[in-house]
2 protein chains.
Amino acid sequence: MTAPAAATLPAGLVTYEDVARAAERLAGAAHHTPVLVSRMANERTGASLFFKAENFQRTGAFKFRGAYNAISALAPEQRARGVVTYSSGNHGQALACAGALLGAPVTVVMPHDAPAIKVAATRGYGADIVVYDRFRDDREEIGRRLAQERGLALVPPYDHDDVIAGQGTAGKELFEEAGPLDRLYVCLGGGGLLSGCALSAKALSPGCEVIGVEPEAGDDGRQSLRKGEIVRIPVPQTIADGAMTAFLGERTFPIIRRDVADIETVSDAALVEAMRFFAERMKVVVEPTGCLAAAASFAAGDAIAGRRVGVILSGGNIDLQRFAALVADA
Amino acid sequence: MTAPAAATLPAGLVTYEDVARAAERLAGAAHHTPVLVSRMANERTGASLFFKAENFQRTGAFKFRGAYNAISALAPEQRARGVVTYSSGNHGQALACAGALLGAPVTVVMPHDAPAIKVAATRGYGADIVVYDRFRDDREEIGRRLAQERGLALVPPYDHDDVIAGQGTAGKELFEEAGPLDRLYVCLGGGGLLSGCALSAKALSPGCEVIGVEPEAGDDGRQSLRKGEIVRIPVPQTIADGAMTAFLGERTFPIIRRDVADIETVSDAALVEAMRFFAERMKVVVEPTGCLAAAASFAAGDAIAGRRVGVILSGGNIDLQRFAALVADA
């Protein structure tokens, strides 16, 4: 649906070769997560659905791929000095875990009101936590300052070439296991997973239409794609806490613009319905953000009937009390 | 811990050859369920745990194996006349599904107060439901009468050689994928899964100690093993609704007595703790009965430290409201 001239693209974008190199680095460190199929989901949609279960990934989300690849790509001296990021969510934990495995000290900038369980999990991997005031401070500025002052490499959650390449390995594994697909649904926050998977689709299943999915509460990605430039919106309020991003990345957007067919949105209610389906019928726990792609596929109707469709389940990290409240409240 | 003379055993018990034949029948019909591993579970126990995920089996529990094998073993004329069973739980649904696949009419005798969702699921597979009064009627007598009057083959939930052989294929697959094990934990209600898996253990991993696990509320299995005869108890009250059995089977007990090393019990509280672990850490939904074996392994301590241990997760069928209430109530 969008086809900008190649000449307008920034030079040196991430390529599928970078994804393939990331896959080599990740071998033996990341889980080769299973591809789930469900007779019931197929009957419901009329399609053949292939769910890539990144909720079974290390640290509970695809984020481990990008984080591990980014630290692996550092020169030994830099790795020894360490890395820093800002993230209260899955990326922070993933980077902390990857750093512990690769011997790199990790600093994570987290808001003062981050859930205790997330702070504990991140610290549990040995990371150093720097607290900021969500209402007063700029987390990116703090991250950049720490990087400069302490000589740390900044590994942001999505707008980073090695992160994009790492996330693309989830798509690579899916195509290698399921074979060529007609369509691939991928959730969209800052665009790391979507851009990486789009590179894998283009290389391994050239006819595959890649669809990004973001929460209805904040369709900055769709607006950006239509407008041809990055659109900024207020932070969207949604239960998909991994997709509460206000804008796409400078490194992810050009790839999305070139290789993604369209961006769709789904409501929080549809996310809850998908969570229930996964727990009740497929016996797996998927977090709200992890249900974005699936919810879009469940609503696709004729667009996917009779077709082979990939769906990335991006993660399964959700507080059990919250999970229980969401699935019980039918 | 028990070693009766072979001479005291009834003739013609199920053998591993029966299990292997069942595996051939099940190929392509039952799911070859994955074996899950968890770094966290290994750290917690000091053992290498291999979880056979029968919660991903068709109809959500291992019961599909025995049901499908039992119908497959029938002569064509009998299959065309149909089968009958009494079960308000996983076996009833499994038999209904297997019958639909194999073209055998299925009648399921269910209590008048069975949950509407289970009645609907069983009927959804095209089964005929016969309702009985839980307080007045004898379900086994009704089943036998229907079998006689209508010429149906009775396929009880566990005390049946083809059912035992079918359930044993879960253990067979586990050993084939994980390799030899030092110990195998299997949940225990009437003993179909335990006896079948014990046959597979003896054939494929002769040194493996097989441990049955039943709810603390009703240790008739343990009593039976110690006494050397089937002990009957009042129906135990436990959240493990698949193990609310009052006595072992005539066909399962001799195998258990010969091939099972010991029987342990776990509390309902330990089952809830295990359910929480699976949902929170491993992102899978396991029903209370399905957690019996795992809960015993989590409590095993030194007995399994440094050892390779198999654990059967027998099923994942639980009403979502109930699941939410159990895991949220920390």
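Tabulated data
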read-out: Of all chain A residues, the one whose C-beta is nearest the axis that brings A onto B, in angstrom; value: A:324, 2
read-out: Residue list for segment A:221-253, given a label point 7 angstrom along the Cα-to-Cβ vector of residue A:269 and an amide N cut-off under 15 Å; value: A:239
read-out: Shortest-first distances to equivalent copies, position residue B:229, nm, label 7 Å out along Cβ; value: 9.0
read-out: The protein assembly as shown, helix-only ellipticity at 222 nm - DSSP H runs n ≥ 4, -39,500 (n - 2.57), divided by all residues, nearest 500; value: -13000 deg cm²/dmol
read-out: Cα-based helix-to-principal-axis angle, A:63-72 vs chain A, degrees rounded to 10; value: 40 degrees
read-out: GNM result for chain A, Cα springs below 10 Å: residue of A:187, A:197, A:208 fluctuating most strongly; value: A:208
read-out: Other copies of residue A:117: label-to-label distances in nm, shortest first, labels 7 Å along the beta-carbon direction; value: 2.1
read-out: Size of the protein assembly as shown as Cα extents on the principal axes (Å, biggest first); value: 81, 54, 40
read-out: For chain A, size of Cβ-based charge dipole, Lys and Arg +1, Asp and Glu -1, in debye; value: 480 debye
read-out: Number of Lys pairs (Cα under 28 Å; 8 or more positions apart or on different chains) in chain A; value: 13
read-out: Relative contact order of segment B:58-192, defined on C-alpha pairs under 8 angstrom at six or more residues apart (%); value: 29 percent
read-out: C-alpha center-to-center spacing [segment A:273-304, segment A:149-171] in angstrom; value: 27 Å
read-out: Accessible-area ranking of A:31, A:112, largest first, probe 1.4 Å; value: A:112, A:31
read-out: Reduced Cα scattering model of segment A:63-154, Debye log10 I(q)/I(0), q = 0.12, 0.13, 0.14, 0.16 Å⁻¹; value: -0.31, -0.36, -0.42, -0.56
read-out: Dipole-positive endmost among B:95, B:69, B:110 within segment B:63-154 (Cβ charges, Cα centre); value: B:69
read-out: log₁₀ of I(q)/I(0) at q = 0.14, 0.17, 0.20, 0.21 Å⁻¹ - segment A:1-153, Debye sum with one point per alpha carbon; value: -0.83, -1.03, -1.18, -1.23
read-out: Gaussian network model of chain A, Cα within-10 Å springs - most flexible of A:27, A:270, A:217; value: A:27
read-out: Nearest-first distances (nm) between copies at residue B:15, label 7 Å from Cα via Cβ; value: 6.3
read-out: Net charge dipole size for the protein assembly as shown [Lys, Arg +1 and Asp, Glu -1 on Cβ; Debye, nearest 20]; value: 640 debye
read-out: Rel. contact order, % - alpha carbon contacts under 8 angstrom, at least six apart, chain A; value: 22 percent
read-out: Antiparallel bridges, percent of DSSP beta bridges restricted to the protein assembly as shown (to nearest 5); value: 10 percent
read-out: Choice from B:233, B:255, B:312 with maximal GNM fluctuation in chain B (Cα, 10 Å cutoff); value: B:233
read-out: Heavy-atom accessible area order for A:265, B:289, largest first, 1.4 Å probe; value: A:265, B:289
read-out: Formal net charge of residues neighbouring residue B:68 (Cβ-Cβ distance under 13 Å; K, R +1; D, E -1); value: +4
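The values are calculated or read from the model by the stated rules, or taken from the named source; none is laboratory data. These numbers come from a predicted model, not from an experiment. Every residue, glycine among them, receives a Cβ derived from its backbone with ideal geometry; neighbour counts consider all protein chains shown. Heads up: the accessible areas ignore ligands, DNA and RNA and are worked out on the full protein's heavy atoms, side chains in. Shrake-Rupley method; radii C 1.70, N 1.55, O 1.52, S 1.80 Å.
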